[in-house]
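The values are calculated or read from the model by the stated rules, or taken from the named source; none is laboratory data. The structure presented is a predicted model; accordingly, all values stated were derived computationally and were not measured. Here the Cβ is made from the backbone with ideal geometry for all residues, glycine too, and neighbour counts use every protein chain on show. Note: areas computed on protein heavy atoms with side chains; ligands, DNA, RNA excluded. Shrake-Rupley method; radii C 1.70, N 1.55, O 1.52, S 1.80 Å.
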Amino acid sequence: MIVDDEPSNRRFLSLMLINEGFRTIEAEDGEQAVTMFTAERPDIVFMDVMMSGIDGFEATRRIKEIAGLTFVPVIFLTALTEEQSLMRCIQAGGDDFLSKPFSFMVLKARILAMERVRDLQRIIAAKQQTLSALLEEEHEEQALAERVLSRAVMNRNVAMDRLERMQRPASVFNGDLVLTQHLPDGGLRLLVGDFTGHGLAAAIGALPVADAFHAMTRKGVNDARVLAEINHKLYQILPTDRFLAASLISISGDGEELRWWNGGMPSIWMRRADGLHELASHALPLGILPELPACESPRRVRLQHGDRLLLTTDGLLEAMNAEGEMFVNSGFAEILQTWAFNAPLLPALVKALDIHSAGVEQSDDICVVKSPWIPALHHSHFGSRIHSGNGWY
């Protein structure tokens, strides 16, 4: 397409191009050029700069917008020689320019060069389209696999409606794990885990962990044996650079004792009437050694009325803001210290996290689990839970 408000200029260039085997169309101003481009979709546009009405700069911007991702070379025909004017041609979307008057050989060279660029762009665009289709298909397959995997892992959980929980995977597959199951005495066992990395590689170990956890908990197997069995399974199936950091909590059926184990996870925080108590990591993650050291056995705490627990994965603490600061150093400690006894925590924690990480894509899965008043998790208390504006009691 030749765009010029001088008929003689259009005719002269048109004859030159027709002699070279091109089919040409002509537009006498910028507005007509946009209309004709929309209808005809030419392969190359020769654009005059100075025209009445819509000038060449504006016409080029509109043409490029219509073309979208399809590369259509626009060659400006101009008598302008100032560097600033030539830069405006490029800024408007022009791909090359010819200074008037121009020679036939220079014109032909410009066309050949633009055709090469155009053909290369079309090859790349076709490959990108194929790649995009494959990626979309893979994403759909991953989403389906994630649904199947999540249901297989999570559908045996109990009392989940009594836990305040927030999970944000960094990819389709979630490498953070939350498992719950009743003990034969009416108590509850809870496991919060964090596989190395995230995505499918991190999530694939969840199935054998869930199988062992649920089956052994229902049978009343003690904490140490459950941990030993999960560790044994993961040591056998995971590569040497993969493991599961985990916190295991068991609440006795009478609600008087808490047994806990922390292998490589952030500290578990217990909110009691007398303040915060830290249950720090004291063991290696699961899947690193063939057998767990005897010195890293679960520990015991006597429960008090109103005790609550907060468990997190390191994805929460290491969440970044735009300045590269981690949440653990910019907001988490303040939220934790303001956690009042018998008061909710998760709404304020999530709000602070959202403000901290606004606009920043996180590289790790995030998981937070907060228990209500601990006896409310037992079989014997199922019929008497009370919901208030402050949470479950």
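The figures follow:
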item	result
Out of 26, 20, 31, sole residue that is under 46 Å from the mean Cα position of the chain (by Cα) and touching a residue at least 24 places away in the same chain (Cβ under 8 Å)	31
Residues satisfying the stated conditions in segment 1-16, i.e. more than 14 Å from residue 51 (Cα to Cα) and touching a Leu at 6+ places or on another chain (Cβ under 8 Å)	13, 16
Test result for residue 253, in contact (Cβ under 8 Å) with a residue 40 or more places away in the chain, crowded, with 21+ Cβ neighbours inside 10 Å and outside any strand (DSSP E or B)	no
Residue match in segment 211-232 (condition: of a type in the set (Lys, Arg), modelled with pLDDT of 90 or more and in contact with a Phe, Trp or Tyr (Cβ under 8 Å, 6 or more places away or on another chain))	no
Neighbours by Cβ (under 7 Å, 6+ apart or cross-chain): first from segment 1-16, over 24 Å from residue 58 (Cβ atoms); second open to solvent by 10 Å² or more (accessible area, probe 1.4 Å) and in a helix (DSSP H, G or I)	16/104
Single unsatisfied condition, residue 38 versus (1) free of Cβ contacts under 8 Å to residues at least 24 places away in the same chain; (2) open to solvent by 70 Å² or more (accessible area, probe 1.4 Å)	(1)
Unmet criterion (only one of (1) closer than 29 Å to residue 120 by Cα; (2) open to solvent by less than 30 Å² (accessible area, probe 1.4 Å)) for residue 20	(2)
Contacts under 7 angstrom Cβ, first residue in segment 56-77 being under 26 Å from residue 104 (Cα atoms) and modelled with pLDDT of 90 or more, partner among the polar types (S, T, N, Q) and part of a helix (DSSP H, G or I), 6 or more apart	74/60
Test: residue 110 is surrounded by 13 or more Cβ atoms within 10 Å (Cβ to Cβ) and either in contact with a strand residue (DSSP E or B) (Cβ under 7 Å, 6 or more places away or on another chain) or among the aliphatic types (A, V, I, L, M) (or both)	yes
